[in-house]
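Everything on this sheet refers to the single structure shown next.
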Amino acid sequence: MVQMSYAGAALAALKEAMQADPRVWCVGEDLGRGGVFGQYKGLREEFGPDRVSDAPISEASIMGAAFGAAMVGTRPVVEMRFADFALCATDELINQIAKARFMFGGQSRAPMVIRKPIGMWRSSAAQHSQSLENWYVHTPGLVVAVPATPQDNYAMMHAAIAADDPVVYMEHKNIWANEGEVDTDAPFDWGRAATRREGDDVTIVSWSDTANVATRAARTLAGEGIHAHVMDLRTLWPWDKDGVLASVRRSGRLIVAHESVAVGGFGAEVVASVVENTTLKAPPKRLGAPRALIPYAPNLEDQLRVTVDMIATAAREMCT
Amino acid sequence: MTATNYDIARGTALVTMMERIRAFEQVAELAATRDQLVLGAIHLSIGQEACAAGVMHALRRDDLILSTHRGHGHTLAKGADPTAMMRELLGRKGGSCGGKGGSMHIADFGVGMLGANGVVSANITIGAGAAHGIKLLGDDRIVVDIFGDGAINRGPFLEGLNWAQVFDLPVLFVCEDNEWSATTRTSDMTGGAGAAARAQSMGLYTVEVDGNDAEAVADIAQDLVSRIRDTRTPAFLHARTYRQGGHTYFDPATYRPQGEAETRTASDDPIARQREALLAAGLGVADLDRIRDAARAEMDAALQTAADTPFPSDDTVFADVQDIGSPEEVAY
Ligand SMILES: Cc1ncc(C[n+]2csc(CCOP(=O)(O)OP(=O)(O)O)c2C)c(N)n1
């Protein structure tokens, strides 16, 4: 076990992967100085400017060029800086990267990790705060990873770099500094949720930083005798449908909680899949952002957050 | 072309390739209109064959190319198998992409053809990236990235050219300028002096060529390819040509001034010009007709074989999407 921050865990994994495989390289704006959140600190010094490549402010080209380089046999880690800016490279990701292997009849692969930090962080307002993970779940060809802990950011970064598929890798900006114990030998299975808390009274399904919020809510609830099973999905495609169903079959109750907009969100997919396959003791509950825009003033921002209180209240109402 | 050092072998190779491209597309058009066998839209490059034949002649088999929706000629000239291509147009098993891509997505990685593209301009950044990958891997291949005149008005043109320039990448960008973007005259929608001026402004070594002169294209491409292979820096070729037909095979192109296409075709057809050059160099009409007939027979046979090939099996719709979370295991 090693103590690492959430950002440091991904950095450690990336560094190890680059040491092990000369085909792995990273590219993005400002990487030469360690990246805007320090996620690349020290890599330029160790691996040089070709493998830790600065890029012009050309998101379409960062994504498109990395894809071209992936098709000829390199394994790029693409930094988009903020998930919001990755929208400037939407054609490259959705129309090109996600489809090339299929469209060309299996002739090509796009082994890429596409890092797109998400989430509300320090009054960043509408263009620097979005959680758009469900957009990518809706795109066949992509894997979608949303780690919530240092352990997962270590193991999942390794797994993402090793994957031959394009992986949209969405770290939450608010938890870069979160510390935790990391078991560097622990395996990681795609599409297998992590249990953050055991319990049989209600199943709470979440991911990214909201999974941490849900875990805190479950702690509060345990003091009141309500035992929640908190499942952190960790990857949204593939996602642990079987694990969620097994849990809900025990608890009979389901809450999904996520930071992104609830309307049309992935929580709705989880709820729909559960009610298609089993019966519940109470109507399921979706907790997500209202379909509103992320503001700047903190009190306004708070109006959109899914909080410990909201999750605990939903569980209480459901269990009594 | 009466110069004594005229390279008859190359001239013949160029006319042969152009005849094969034209025959492929004429047969494909018949397969679409007469036989109703082509399933989706096809974009023909009739009248633009010199660019494909001349540029590809300068490449090695292991060099890479990327093309557009109008890419049959480039693909054939890079060495792809016309039967596999025809099967792809008909959506059949054994097509270049297993019937999953169709005309606009033909790729043949075996001959270094990394894909046509259904999105205008998108191949520009991807081609720069293929060259970036080659640079990282440290080998001596080069990339040729071809697009139309309309593509220069999308962002990837700026981003991709700049990328190639700042990273010193071994890529030749070719703007195959047929004057038209679908139903719009490109000059009406383009500010400034156009493709070459834009490339030059970003520092790329830039050359313009009469894109209907196969010999000139081949000469210049040879120079540019050698230059790129030696210096490992990008270059830009603006080749002026003309789209003799409609945007798609079913477009009558009535938006063009009356007589424009007819006049241009009669005066400036690249195959007719290359035949003239070879006649002047001493080949006979019968020799040239034999080349034409052989090309047509080859493509007729390709269509026959394709038409006799079954559609792909239904379950291939789930194959080659992704390994992790594959629809072969989880489609819902
Ligand atoms: C991004 C995008 N916008 C629009 C289209 C529709 N479209 C297909 S081909 C074409 C014209 C392209 O003109 P040009 O680049 O000159 O190539 P050409 O068709 O002349 O070969 C258009 C507008 C597209 N495929 N992609």
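General remarks:
- Entry remark, region B:120-130: residues being more than 14 Å from the ligand (Cβ to nearest atom) and of a type in the set (A, V, I, L, M) number 2 in total.
- Single residue of region B:168-201 satisfying the filter (within 14 Å of another protein chain (Cβ to nearest Cβ) and touching a Phe, Trp or Tyr at 6+ places or on another chain (Cβ under 8 Å)) that is farthest from the ligand (Cβ to nearest atom): B:L169
- Only one entry of B:E215, B:E262 meets the criterion of being in a helix (DSSP H, G or I) and in contact with a Leu (Cβ under 8 Å, 6 or more places away or on another chain), and that entry is B:E215.
- Subset of region B:150-167 (residues that are outside any helix (DSSP H, G or I) and within 8 Å of the ligand (Cβ to nearest atom)): B:R154
- Scanning region B:45-77 for residues that are more than 14 Å from every other protein chain (Cβ to nearest Cβ) and charged (D, E, K, R) yields B:E49, B:R60, B:R61, B:R70.
Conditions tested, residue by residue: (1) surrounded by fewer than 24 Cβ atoms within 10 Å (Cβ to Cβ); (2) part of a strand (DSSP E or B).
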{"site": "A:Q3", "(1), (2)": "yes, yes"}
{"site": "A:G8", "(1), (2)": "yes, no"}
{"site": "A:E16", "(1), (2)": "yes, no"}
{"site": "A:C26", "(1), (2)": "no, yes"}
{"site": "A:G35", "(1), (2)": "yes, no"}
{"site": "A:Q39", "(1), (2)": "no, no"}
{"site": "A:R44", "(1), (2)": "yes, no"}
{"site": "A:G48", "(1), (2)": "yes, no"}
{"site": "A:I62", "(1), (2)": "no, no"}
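- Answer residue from region A:110-127, given it is surrounded by 20 or more Cβ atoms within 10 Å (Cβ to Cβ) and not β-branched (V, I, T) and is farthest from the other protein chains (Cβ to nearest Cβ) among those: A:M120
- Positions within region B:75-85 being open to solvent by less than 10 Å² (accessible area, probe 1.4 Å) and farther than 17 Å from B:G98 by Cβ, in sequence order: B:L76
- The residues in region B:99-119 that are within 13 Å of the ligand (Cβ to nearest atom), within 8 Å of chain A (Cβ to nearest Cβ) and part of a helix (DSSP H, G or I) can be counted, and the count is 1.
Okay, residues lined up against (1) closer than 30 Å to A:L236 by Cα; (2) within 14 Å of chain A (Cβ to nearest Cβ); (3) of a type in the set (A, V, I, L, M):
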site: B:H238; (1), (2), (3): no, no, no
site: B:R243; (1), (2), (3): no, no, no
site: B:P270; (1), (2), (3): no, no, no
site: B:A302; (1), (2), (3): no, no, yes
site: B:Q322; (1), (2), (3): yes, yes, no
site: B:P327; (1), (2), (3): yes, yes, no
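- Sub-6 Å Cβ pairs linking a first residue in region B:63-89 that is closer than 18 Å to B:A131 by Cα and away from the ligand (no atom under 16 Å from the Cβ) to a second residue that is among the aromatic types (F, W, Y) and in a loop (DSSP other than H, G, I, E, B), at least 6 apart or interchain, number zero.
- Conditions (1) open to solvent by 10 Å² or more (accessible area, probe 1.4 Å); (2) within 10 Å of chain B (Cβ to nearest Cβ); (3) over 21 Å from A:V146 (Cβ atoms); number of the one not met by A:A100: (1)
- The selection criterion, being farther than 23 Å from B:N178 by Cα, aromatic (F, W, Y) and either open to solvent by 10 Å² or more (accessible area, probe 1.4 Å) or away from the ligand (no atom under 13 Å from the Cβ) (or both), does not hold for B:F24.
- Residue match in region A:70-80 (condition: surrounded by fewer than 21 Cβ atoms within 10 Å (Cβ to Cβ) and either under 23 Å from A:G265 (Cα atoms) or within 13 Å of chain B (Cβ to nearest Cβ) (or both)): yes
The values are calculated or read from the model by the stated rules, or taken from the named source; none is laboratory data. Values in this document were obtained by computation on a predicted structure and should not be read as measured data. All Cβ positions, even for glycine, are placed from backbone atoms using ideal geometry, and neighbour counts span all protein chains on display. Heavy atoms of the whole protein, side chains included, go into the accessibility calculation; ligands, DNA and RNA do not. Shrake-Rupley method; radii C 1.70, N 1.55, O 1.52, S 1.80 Å.
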